[in-house]
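A short worksheet on the structure shown next.
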Amino acid sequence: MESGGDGDWQVRHIPGAQATKVYRCPGCDHEIQPGTPHVVAWPAQDYGSVEQRRHWHPNCWKSRARRPPGRW
Ligand SMILES: [Zn+2]
């Protein structure tokens with residue numbers, strides 16, 4: 001669990017071997033290719049809600065605090 005200016009998040013680091021699909025990163029709006037280690041995050045209060053999960057590039061996740069809230 002991580003806390004930030006945008007609330008509490010459950011965060012999971014996905015190794016490349018488990019990344020089997022293409023995802024779109026909400027931080028940069030580019031695709032995360034299969035085999036790329038990345039980060040999955042979802043709001044802590046919505047645990048179990050798969051639709052809320054977002055896949056991020058690690059760098060985009062780390063820099064999200066610089067983005068204004070509500071701009072995703
Ligand atoms: Zn990204």
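Quick notes on this one:
- Residue 55 being at pLDDT 90 or above and under 10 Å from the mean Cα position of the chain (by Cα): yes
- Each residue in segment 60-69 was checked for being surrounded by 13 or more Cβ atoms within 10 Å (Cβ to Cβ) and either at pLDDT 90 or above or in a loop (DSSP other than H, G, I, E, B) (or both), and 4 of them qualify.
- Index of the failed condition, residue 49 passing every other in (1) within 12 Å of the ligand (Cβ to nearest atom); (2) of a type in the set (S, T, N, Q); (3) at pLDDT below 75: (1)
The values are calculated or read from the model by the stated rules, or taken from the named source; none is laboratory data. None of these values were measured; they are calculated from a predicted model. Note that we place each Cβ from the backbone using ideal geometry, even for glycine, and neighbour counts take in every protein chain shown.
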